[in-house]
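Beneath this line is the structure, given in structure tokens, with notes to follow.
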Amino acid sequence: MKTLLLVLLVTFVSANVDISKLQALEVIKEDEQMAEQTMLQMLRDHEGDEHEGHKNIFDLLGPGLEEFFKGLNSVSDEDMGLNLESSTGFNEEISAAMWQVYSDVCEQGEECQSPFMGCNCHSYFNKLENPVCRGFPCRLAKWATDGSAAKLLRNIRDQKDLKGLVGAAMESAHPLMQLACQCNPELFSTAVSCAKNYDGALIEGKEDWKGYRKVMKKIKFDSMIKFASAMFGAYCGDKEGACLGSFQNLAEEFAAMMDRSCSGETEDQCNNFRRLSDGIYEFIAFLSDEEGQEELTLKNIVKMFYVKVPKNFWCGDSNCAAGYLSKNFNNNCCFRNAVEKFDAGMVGEFEKYLRSFLKAVSGGEIKIPAFGKAVRTKISQSVNPNAACKSKYYEAAQKC
């Protein structure tokens, strides 16, 4: 159980960057995996340590993070499939594939022939009233082929810390997000229709089609649309994307907190996660207690994690709550509105989708237990300081 938690901790660090999704090139993904292995080894070397008198857990993560950026900065254009002289910014092979996709998405005639996107999907998007929404798939294809995607990869490669990495990704995505904000919720419902009724050529063979349709029928897409449209709406703020800049700043600050946490001791205990180290060790001890294995229900695990980590973060230090955390998070009205929307009911919608998705794609082999109201509430409180300990934020709270 202890090793499982360590894997989750390292995955959390990586998920804030999610570099493999940003560039889809195996060479950088391999660099990320090597860094994760370094972090895991550092953590495993200290598995048996008691938390008192031993290293802050973020000092064990630091070397792996440093290794990741060292490898990232050393990747060449050739390794990444980049070519400055091409119009797309990629080499000939990748460019050819990208232009095929562009032609499929953006250059359909009266008689549809769409092996990639599928003619049904073209039909669904063509029925949307807003021209921005109708043209959104093509805008994505243009972003990929006009050099923007290649520029993003180069910017990512040049970054020295998590804050820069997150900032580079969000800055590149900003124009697309502004367009997408105009198309909520129809963008999600249309994308679901495309998936459920896909008729392109990416799926081959009778059995593959049979399996695909079977999976699609079992997934609770209605819950996914409710969750995604509500949370994306909060992320946007309005149809013009009023909150996009705020959330970019928030994401960069969270990343900077991780950077500071892994950089060693600091006088400021509020602008990083280092003060959570003892709580994380205590949570590990809870999971590792052989005499208490019967107590390791989902409800108890989530409760203990909530108390030792998120609640400790938001509520463990009154000065941090009234100062740094209020200034940078709770007094950001975009943030406050978003976390208020992420209530127990919204967690329940995500749970329905997640359970159905995992069960469908695994053929019934993966079944996660029902969360229950208590678990949903703790998950919601984990991101909402006012729900976790309103009294510590009340006096410093500004009106939204």
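The values are calculated or read from the model by the stated rules, or taken from the named source; none is laboratory data. In this text the structure is predicted, and so the values were computed from the model without any measurement. Every residue, glycine as well, gets a Cβ built from its backbone with ideal geometry; the counts of neighbours run over all protein chains shown. These accessible areas exclude ligands, DNA and RNA; they are computed on the full protein's heavy atoms, side chains included. Shrake-Rupley method; radii C 1.70, N 1.55, O 1.52, S 1.80 Å.
A few comments on the model shown:
- Dipole of the chain, positive end: most advanced residue of SER263, ILE203, ASN120 [Cβ charges, Cα centre]: ASN120
- Taking the longest Cα principal axis of the chain as reference, the axis of helix 277-288 is set at about 80 degrees.
- Annotation: extensible slack from ASN249 through GLU93 equals 52.5 nm (criterion: 0.36 nm per residue apart, minus Cα-Cα distance).
- The stretch 257-400 shape via C-alpha gyration tensor axes, a/c threshold 1.5: oblate
- In order through the stretch 301-310: 3J(HN,Hα) via Karplus (6.51 cos²θ - 1.76 cosθ + 1.60), integer Hz, x for Gly, Pro: 5, 5, 4, 5, 4, 4, 5, 7, 10, x
- Exposed-loop-free span, longest in the chain, where GluC sites (Glu not before Pro) count as exposed if DSSP calls them loop and at most 13 other C-beta atoms lie within 10 Å: 268-364
- Approximate spin-label separation THR297-SER123, in nm, with each point projected 7 Å along Cα-to-Cβ: 5.0
- Rolling a 1.4 Å probe over the protein chains gives THR297 an accessible area of about 60 Å².
- A Cβ-based charge dipole, computed about the Cα centre of the chain with Lys and Arg at +1 and Asp and Glu at -1, lands at about 2020 debye.
- Against the chain, whose longest principal axis comes from its Cα atoms, helix 26-44 is set at around 20 degrees.
- Length released on extending from SER263 to MET231, taking residue separation times 0.36 nm less the Cα-Cα span: 8.3 nm
- For HIS54, the accessible surface of its heavy atoms amounts to roughly 90 Å² (probe 1.4 Å, protein chains only, rounded to the nearest 10).
- Rolling a 1.4 Å probe across all protein chains gives LEU298 an accessible area of roughly 60 Å².
- Taking all Cα pairs closer than 8 Å and separated by 6 or more residues, the relative contact order of the stretch 181-274 comes to 31 percent.
- Heavy-atom surface analysis with a 1.4 Å probe gives the chain a carbon and sulfur content of 51 percent of its accessible area.
- Nonlocal amide H pairs with PHE90, under 5 Å, H built at 1.01 Å: ASN83
- Solvent-accessible heavy-atom area per residue, rounded to whole Å², over the chain at 1.4 Å: 53
- Cα centroid of the stretch 350-366 to Cα centroid of the stretch 225-264, whole Å: 27
- Using the Karplus relation 6.51 cos²θ - 1.76 cosθ + 1.60 with θ = phi - 60°, the per-residue 3J(HN,Hα) values for the stretch 148-157 come to 5, 5, 5, 4, 4, 4, 5, 5, 4, 4 Hz, with x marking Gly and Pro.
- Shape class for the chain: prolate, because the ratio a/c of the largest to smallest gyration tensor axis (alpha-carbon atoms, square roots of eigenvalues) is 1.5 or more and a/b beats b/c.
- A simple spin-label model places the labels of VAL361 and SER318 4.6 nm from each other, with each point 7 Å out along Cα-to-Cβ.
- Distance violations [Cα-Cα > 24 Å] among LYS163/LYS399; LYS341/LYS392; LYS303/LYS352; LYS308/LYS378; LYS70/LYS151; LYS127/LYS196: LYS163/LYS399
- Around the amide H of PHE273, modelled in the peptide plane, lie the amide H atoms of SER261, all under 5 Å away and 5 or more residues distant in sequence or on another chain.
- Global geometry of the stretch 212-323, whether rounded, prolate or oblate, following the gyration tensor of its Cα atoms and the 1.5 cut on a/c: oblate
- Relative to the longest principal axis of the Cα atoms of the chain, the long axis of helix 344-361 makes an angle of roughly 60 degrees.
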